[in-house]
Amino acid sequence: MTATISHARLRVLFALFTVASLVLSARLAYWQTIGRSDLLNRATDQVYSDLVVAAQRGVIRDRSGAILATTVELRSLYAIPAQMKDRAGNDTKGAVAAAIAPILGERADVLSAAFESGAEWVFVRRRLPEETATRIAALHLAGLGFEMEPKRLYPSGSVGAQVLGFVNDDGLGQYGVEGRYDAELAGTPGRLAVTRDPANRELALGLRTAVAAQNGQDLVLTIDLAVQSAVERELAATVEREKAASGAVVVLDPRDGAVLAIASSPTYDPARVGSANAEALRNRAISWTYEPGSTMKAITIAAAIDRGVVTPRTTYDDVGYAVIGGRRLCNAQCKAYGPTTVTQILARSQNAGAVFVAGKLGASDLDRYLQAFGFGQRTGVDLDAESGGIVRPLAEWYPVDLGTISFGQGLSITPLQLAAAYAAIANGGTLYRPYVVASRRAADGEHRTAPVAVRRVVSEETAATLRTMLTTTVDEGIANAAALARYSVAGKTGTAQIPSDDGRYVDDAYISSFAGFVPAVDPRMVFVVVLERPQSKLLGTVPAMNAFKAIATDALRYARIQPDRP
Amino acid sequence: MTFAQAVRAPQARRVQRRLHRQAVPHHRSAKRHSRRIRGASWEIRSFALASGVIVACFLLVLLYLAQATAVSAAGYEAQRLAAQRDELRRQNALLVIESARLDSPARVEAEAQRLGLVRAATIRVVAAEAVAAAR
């Protein structure tokens, strides 16, 4: 049997094949040229992943190497509700919620509601404690999974919170060292671009582009964790006992300005910043300005002795008050002392005596020494949110201001400024810039912070004279409650009134403070304790001195400083 | 011409050529026979060579695949070990943090209070100079 095909049919068939071939060729040419990149991208997207590799945030340690803050990856629990089914295909959302609720300390109905919300993917709890995550993982529940997320941990809890600051949910450092050194601590993220198989595993033979993350620098602080713990413990106890509104303590090494401890009350737990109020986040030791009161008399007398207008034995007749600028400025309870030396002015904390000394010195020189001691300007400590305090320009002084400023009214300072000024007296007359970060450990080695001597403020002789006078103030004078067994202490108390919004002073409210250093002959630590509105008003500065004694006793013990008295 | 005729035409031509060749003299046939033998050996050699090349290529591809598979397997193993290393590092970091927490002076203080311990009122300090002088 033979079949015949006409030439016309053959031509049609051939034409159809030709057209089909041309169409296919054109399509092929299109995908090979114009559409090539699109196809390539689609294919690459299926196997290629380009990820940002997070840098490890640096560790913060105290001066002896104890960890104060570090970052570790913790497991975050997520749920894919659609996958919550058993083998028979029955919904298990309720059972899953009931199983994990007691472990998470959450109500089962709250979890069930989250699973039933219709969301495809939901975080159940982020950054779980390791033990909790392990217990949930052991249940092997369908529809639950874990994802690693970095968490900043503070092993000592709230100790040092005001110095350390914290890291917010976006990974940015806030306040304290975390805020000031955020760029150094954060490091630089890297990049990893690799091809992956369907199981999301990297292919060893695939494309691989990796830029290694540069981890953040580790910081070693000047803070001594033992001293810091003692300071915070005593400050908290004192504030609670005295029902004070707030308090602050600074401990400095006068030899180079290193900050050994800074505490502020109220405080917060850096791991639970969300529950802290704004006032607790404020480091009052560096950002709270207050009228210092009588602790400033030491500065006034140092200036006058350094200027050579008085000596410790210079005498005047105290009648209980002084008149300056047409105003009468009284001693405490306007008590008259009669013939009084400059040493006794300090030991008895006589306002009229301070006015007498300031009168000898003059406003211009007093202002110059205040500036030299660093009042009215930031100390430059390497912490966020420092205040500079207020010392009005000399041109704005009224005549009476010479008198009031001489005993610490009419200007405002921070506790850290006062500590730095007393450190200058303690170390022989040099003002150092306080600093908190002792060294940074980077990839290229360790960078140590060199202490910065800002300026010489008084001569060595003046500083030695003041140390002796302040020692007398503690041994025989108004600050006797601050004396320590077997250690010489130099210091001065301060009871300052609190100005109100209308410019007057608030009745029955004081700021109680003590500033001093130990041992007086070879000072190793400077302490400033400030309490706002302690309730035992009649006792004045006693709460501050008691806090100083407790803190100094522990600090000297931890620092193994040898007693200098029998 | 029908489609069947068109298909059969080459075969018919080959049969005609064969009949024509059978009609030529014997000496020419012997000569062609020897040429055919030489031609056949060349074909065998070519076939063998081509087969050899194909087998060699096949073996090379097999070798490549074996190596690629081994590298991939090693890559997966390296990834598994890297993940294991990272997890161990994480566990170690958690232990270091736990150690720091336990060493914290504030915790020690609280624990001491819980145990009823009291702070020593005085601590005797022996001056180093005195000890040195006694020696």
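At a glance:
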quantity: Dipole magnitude of segment B:28-135, debye to nearest 20 (Cβ charges: Lys/Arg +1, Asp/Glu -1, about Cα centre); calculated: 1520
quantity: Centroid-to-centroid separation of segment A:493-558 and segment B:88-135 [C-alpha atoms, Å]; calculated: 28
quantity: Unit charges on C-beta of K, R, D, E only; dipole of segment A:364-417, Debye; calculated: 100
quantity: Two-site FRET efficiency, residue B:54 against residue A:197, from Cβ-Cβ distance with R₀ of 30 Å, rounded to 0.05; calculated: 0.45
quantity: Relative contact order (percent, whole number), segment A:380-528, Cα cutoff 8 Å, 6+ residue spacing; calculated: 20
quantity: Nitroxide proxy distance, nm - points 7 Å out along Cα→Cβ at residue A:110 and residue A:315; calculated: 7.6
quantity: Segment A:426-566 - accessible surface per residue (Å², probe 1.4 Å); calculated: 44
quantity: Lys/Arg +1, Asp/Glu -1 at C-beta; chain A dipole; positive extreme among A:320, A:67, A:402; calculated: A:67
quantity: Of the DSSP H helices in chain A, those whose Cα atoms cover at least 30 Å axially and whose Kyte score averages 1.6 or more; calculated: none
quantity: 1.4 Å probe, heavy atoms, protein only - residues of segment A:124-168 losing at least 50 Å² accessible area vs chain alone; calculated: A:130, A:155
quantity: Positive-end residue of B:41, A:146, A:199, charge dipole of the protein assembly as shown with Cβ unit charges; calculated: B:41
quantity: The protein assembly as shown - Cys residues lacking any other Cys C-beta under 4.7 Å; calculated: B:57
quantity: At least 50 Å² of accessible area lost relative to the chain alone, listed for segment B:45-82 with a 1.4 Å probe; calculated: B:76, B:79
quantity: Hypothetical label at residue A:476: residues of segment A:300-329 whose amide nitrogen lies under 18 Å (7 Å Cα-Cβ projection); calculated: A:311-318
quantity: Average Cα contact separation per residue, segment A:26-177, under 8 Å, 6 or more apart, as relative contact order %; calculated: 27
quantity: Two-site label geometry, residue A:149 and residue A:170: point separation in nm, points 7 Å out along Cα→Cβ; calculated: 1.6
quantity: Between segment A:239-254 and segment A:29-68, the Cα center-to-center distance that results, in Å; calculated: 49
quantity: Percent accessible area from carbon and sulfur atoms, segment B:53-135, protein chains only, probe 1.4 Å; calculated: 67
quantity: Residue B:32 accessible area, 1.4 Å probe, all protein chains in place, Å² to nearest 10; calculated: 80
quantity: Under 11 Å, Cβ to Cβ, from residue A:448 - net charge with Lys/Arg +1 and Asp/Glu -1; calculated: +1
quantity: Pairwise burial B:A, computed as accessible area of each alone minus the pair, summed, 1.4 Å, Å²; calculated: 2400
quantity: Selection from A:545, A:534, A:494, by position along the positive dipole direction of segment A:451-566 (Cβ); calculated: A:545
quantity: Residue-normalised accessible area of segment A:98-239, expressed per residue, 1.4 Å probe, Å²; calculated: 47
quantity: With every protein chain in place, chain A: carbon and sulfur % of accessible area (1.4 Å); calculated: 52
quantity: Spatially close lysines, pair count over the protein assembly as shown: Cα under 28 Å, gap of eight or more or interchain; calculated: 17
quantity: Contact order relative to length of chain A, as percent, for alpha carbon pairs under 8 angstrom and 6 or more apart; calculated: 14
quantity: Surface accessible to a 1.4 Å probe, per residue, for the residues of segment A:327-413, Å²; calculated: 40
quantity: Dipole magnitude of chain A about its Cα centre (Cβ charges: Lys, Arg +1; Asp, Glu -1), debye to nearest 20; calculated: 740
quantity: Inter-label distance, nm, simple model (7 Å from Cα along the C-beta direction), residue A:43/residue A:101; calculated: 5.3
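The values are calculated or read from the model by the stated rules, or taken from the named source; none is laboratory data. In this text, all values refer to a predicted model and were calculated from it rather than measured experimentally. Quick reminder, even Gly has a Cβ in these numbers, built from the backbone with ideal geometry, and neighbours come from all protein chains shown. Side chains included, ligands, DNA and RNA excluded: accessible areas come from the protein's heavy atoms. Shrake-Rupley method; radii C 1.70, N 1.55, O 1.52, S 1.80 Å.
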